[in-house]
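Read through the structure below, which is laid out as structure tokens, and then see the notes.
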Amino acid sequence: MDAAKSVTPGAVSHILANPSPGDAAEVPELVVQVVDLKSIGTGSRFSFVASDGKDKMKAMLPTQFAEEVRSGKLQNLGLIRILDYTCNDVPRSNDKALIISKCEVVSQALDAEIKSEAKKEEEPAIVLKPKDEGVVVPKPVNAPPVVLKPKQEVKSASQIVNEQRGNAAPAARLAMTRRVHPLISLNPYQGNWVIKVRVTNKGNLRTYKNARGEGCVFNVELTDEDGTQIQATMFNEAAKKFYPMFELGKVYYVSKGSLRIANKQFKTVQNDYEMTLNENAVVEEAWGETIIPQVQFNFVKIDQLGSYVNGRELVDIVGVVQSVSPTLSVRRKRDDETIPKRDIVVADDSGKTVSVSLWNDLATTTGEELLDMVDSSPIIAIKSLRVSDFQGLSLSTVGKSTLLVNPDLPEAQNLKSWYDSEGKGTKMAPIGADMGAVRAGGLRSMYSDRVFLSHITSDPNLGQEKPVFFSLNAIISHIKPDQNMWYRACKTCNKKVTEAVEGGYWCEGCNKNDAECSLRYIMVIKVSDPTGEAWVSVFNEHAEKIIGCSADELDQIRREEGEDSYILKLKEVTWVPHLFRVSVAQHEYMNERRQRITVRTEAPVDYVAESKYLLEEIAKLTAC
């Protein structure tokens, strides 16, 4: 076999003997064959068996290498060169798992798995006998050379390290004492680790109250030198300890934390895990670090914000400030507290503008700065904005939002050039006006992204990364009368309430006990079209339009007129066509991934508009 397309003999033995190399530069030439390649969980990571022809061990590829597998560059029985790695203990077993943090493809799939036929007299290919020149000549001849650091002649390694530790700052001593791990290599089963990360986002210190008592919490987003991110959360004593310590933009060494599987509904970064730091965690600032990247943005154009309306996903934008309002004081319903708010209008090269509400410190400090410089049309980049349908479409900052003025980013520079050359004289319309027209008429959005139900139900992976939106023309074919049609809600904030022991209903959101509550729909209905059927979730606003009455009124019919009248009321609304705007997302139930279809907008069929739409679609087909 061609030496360039072969494994390194003894590679697995070397990895087991050196489970955690101190530096990627110390890793010798390690080429292994990928055997039994398969995806893990949602397909963002891949595991395999690393083989050197003689020995094998379980291994995991880095997350960023998943694209190499999907594109076919790396296949089963292919070869990879390991550039950096660490080994973890497998729970309830004496085995070790190889966690690869950096690697490269050497060869695509070979014809068969490589099997070693080494003779007894043959010496191992990786020889760990250092020479003064720093080069070890391997045996046999056709194996690639291994470069190792030369042995120190004057002082032992321990003497040198001890001298360095004595002169170093605490953070530097931490880095010397234990190897710094890349974030991609961490998992919940790993014990001791140290990471070096930059704080690229910092949330506010929030208080909460639940059945177990009161407390406080805050979280940060951490980024390492490879650009991998993870969210870390701290509660109570840990939150009070680390909130003043973590500063946005600074680099820290962090250890003694724990990891768990991230809740995909609430995670804000692309990582399968999330971190928790308690009061025993170790956090030390790393001085003079410039390699680790600053805040990571994933910008969305203003004219593309429509698909994010009322979703869980937060967005980042970059835009030119058009106007800044004075500061307003808004009284919050939850705790009757007065908080500052300021509205700004920004535009981008999509030719659209959007209103952004700044809250708290962003309204008073950064907002005042923008007010002073609005005449110069500053460029701003904002990370983590919530998209709502207020005034058609608008954006709002949250506790973890970050705003940069005139940032040194390529996107900001390109936008500045566009605005100075042509954007300043361009007439731009607010994106909210378009969305408002859609909602006012209830029709325009119903004809964009129109699909049949089979398009959604035939693709179980639809909405895996983020919710996707479609329009449907479907008939309500069935509503289960025995389902939980509604929930008890607070009349002030609409959140779920529970029956209090002393009577009345307790609301966690308002932190008060009320004598009465209201009912709000939370139901599923079956819809059908010529290609199939599906169950969809419908919430209060749209359910009231479909049923024709409120949940309180339907409950009254059930109690006063009997079960038959209640069932008849539900049957009256079936076999009626509707136009739906729906979102499709993935959720987990009993450890099984399922597709959830939710109604976002509902409208009756306007047959004149529907006929025009069908004629336009026919014209498109005949034009082809």
- Item | FRET efficiency for Ser329 and Lys240, using Cβ-Cβ distance with R0 set to 30 Å, rounded to 0.05 | 0.60
- Roughly what would the spin-label model give for Glu560 and Val105, points 7 Å off Cα along C-beta, in nm? 7.0
- Item | Calculated from backbone phi, Karplus (6.51, -1.76, 1.60) coupling profile of the stretch 451-456 in Hz, x at Gly/Pro | 9, 8, 4, 4, 4, 7
- Separation in nanometres of the label points that stand 7 Å from Cα toward Cβ, at Ser307 and Ala619: 2.6
- Message: In the stretch 352-389, whose amide N lies under 13 Å from the spot 7 Å out along Cα-to-Cβ of Asn406? List them in ranges.
- Response: 370, 372-380
- Task: Kindly list the residues of the stretch 193-210 that lie in the label zone of Leu248, defined by a backbone N under 11 Å from the point 7 Å along the Cα-to-C-beta vector.
- Result: 200-204
- For Gln75, which sequence-distant residues (separation of 5 or more, or a different chain) have an amide H within less than 5 Å of its own amide H, given hydrogens modelled in the peptide plane? Ala109
- Message: What number comes out for accessible area per residue over the stretch 458-497 if the probe is 1.4 Å? Units Å², please.
- Response: 56
- Report the label-to-label distance for Ser71 and Trp535 in nanometres (one decimal), using points 7 Å from each Cα along the Cα→Cβ vector. 4.1
- Query: Tyr447 to Asp514: FRET efficiency via 1/(1 + (r/R0)^6), r the Cβ-Cβ distance, R0 35 Å, to the nearest 0.05?
  - Reply: 0.25
- Among Lys256/Lys383; Lys256/Lys400; Lys250/Lys400; Lys301/Lys383; Lys5/Lys73; Lys466/Lys526, which pairs are too far apart, with a Cα-Cα distance over 20 Å? Lys256/Lys383; Lys256/Lys400; Lys466/Lys526
- Query: Using θ = phi - 60° and the Karplus form 6.51 cos²θ - 1.76 cosθ + 1.60, what ³J(HN,Hα) does each residue of the stretch 476-490 get, whole Hz, x for Gly and Pro?
  - Reply: 6, 9, 6, 10, 5, x, 9, 7, 6, 6, 8, 9, 7, 10, 5
- Item | Percent of Cα pairs exceeding the 11 Å cut-off, where the set is the stretch 24-64 | 66
- Message: On a full-extension model of 0.36 nm per residue, what is the gain between Asp336 and Glu465, subtracting their alpha-carbon distance, rounded to one decimal in nm?
- Response: 42.7 nm
- Item | Radius of gyration and Dmax over the Cα atoms of the stretch 295-360, both given in Å | 14.0, 40
- With +1 on each Lys and Arg Cβ and -1 on each Asp and Glu Cβ, and nothing else charged, work out how big the dipole of the stretch 252-384 is about its Cα centre, in Debye to the nearest 20. 660
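The values are calculated or read from the model by the stated rules, or taken from the named source; none is laboratory data. Computed from a predicted structure; not experimentally measured. With ideal geometry, Cβ positions are generated from the backbone for all residues, glycine too; neighbour counts draw on all protein chains shown. For the accessible areas, the whole protein counts, side chains as well, though only heavy atoms, and no ligand, DNA or RNA atoms are used. Shrake-Rupley method; radii C 1.70, N 1.55, O 1.52, S 1.80 Å.
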